[in-house]
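The values are calculated or read from the model by the stated rules, or taken from the named source; none is laboratory data. Remember, it's a predicted structure, so these values are computed and weren't measured experimentally. Backbone-built Cβ (ideal geometry, glycine too); neighbour counts: all protein chains shown.
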Amino acid sequence: MSSAAVVIIAILTLAAALAAATLQKLMHATLSFAVALVGVAALFFLLGAEFVGLVLVFVYIGAVAVLIVFTILLTRRDVGKDRAANWGGAFLAVAVFGGLTWAILKTQSVAVVAPHIRLVTVKRIGEALMTSYVWPLQCVGLLLTAALIGALVLVMEEKP
């Protein structure tokens with residue numbers, strides 16, 4: 001793992017997160033939020049956690065960020081208006097970041113050897129989902145499909 005790549009991705013992710021907290025146009029803030037999530041996913045890929053990175057891309061970027069964009073587009077009638085700068089959100093984000101950094105730096109490191117476990121790969125997770133957990137997976141898929149159909153019914157307008 002290249003430390004230069006980690007630093008560049010971290011800087012871009014922090015810049016996108018700060019832009020998401022402070023931009024005045026809601027659509028621009030939402031797109032900056034999606035870019036910040038892409039940066040976090042890239043960091044997971046660099047750490048070797050491919051499954052977590054893919055889940056982040058599919059669920060948060062592919063579903064949540066797109067849902068936020070569509071919600072803004074479907075519900076806002078005053079698209080041309082700007083909102084006030086959200087400096088309170090940026091201040092809160094910096095305060096949480098500072099608190100977490102302080103807690104990490106004050107924590108004593110513990111030298112405990114981790115037990116040896118089999119490497120968790122995407123293939124093993126997929127096999128478990130398609131064998132042991134196939135019914136819960138199908139139920140979640142059915143529930144999400146019903147929610148999508150319900151959302152479409154709610155936003156459809158009747159033509160006179």
Among residues of region 35-83 being over 25 Å from Leu152 (Cα atoms) and modelled with pLDDT under 80, the residue surrounded by the fewest Cβ atoms within 10 Å (Cβ to Cβ) is Gly80
(1) among the small types (Gly, Ala, Ser); (2) more than 19 Å from Ala65 (Cα to Cα); (3) touching a helix residue (DSSP H, G or I) at 6+ places or on another chain (Cβ under 9 Å) all hold for Gly48 apart from (3)
Of the residues in region 112-160, those that are under 28 Å from Leu47 (Cβ atoms) and of a type in the set (Phe, Trp, Tyr) come to Tyr133
Filtering region 19-32 down to residues that are more than 15 Å from the chain's Cα centre (by Cα) and in a helix (DSSP H, G or I) yields Ala19, Thr22, Leu26, Met27, His28
The number of residues in region 112-156 that are over 23 Å from the mean Cα position of the chain (by Cα) and either among the charged types (D, E, K, R) or at positive phi (or both) is 3
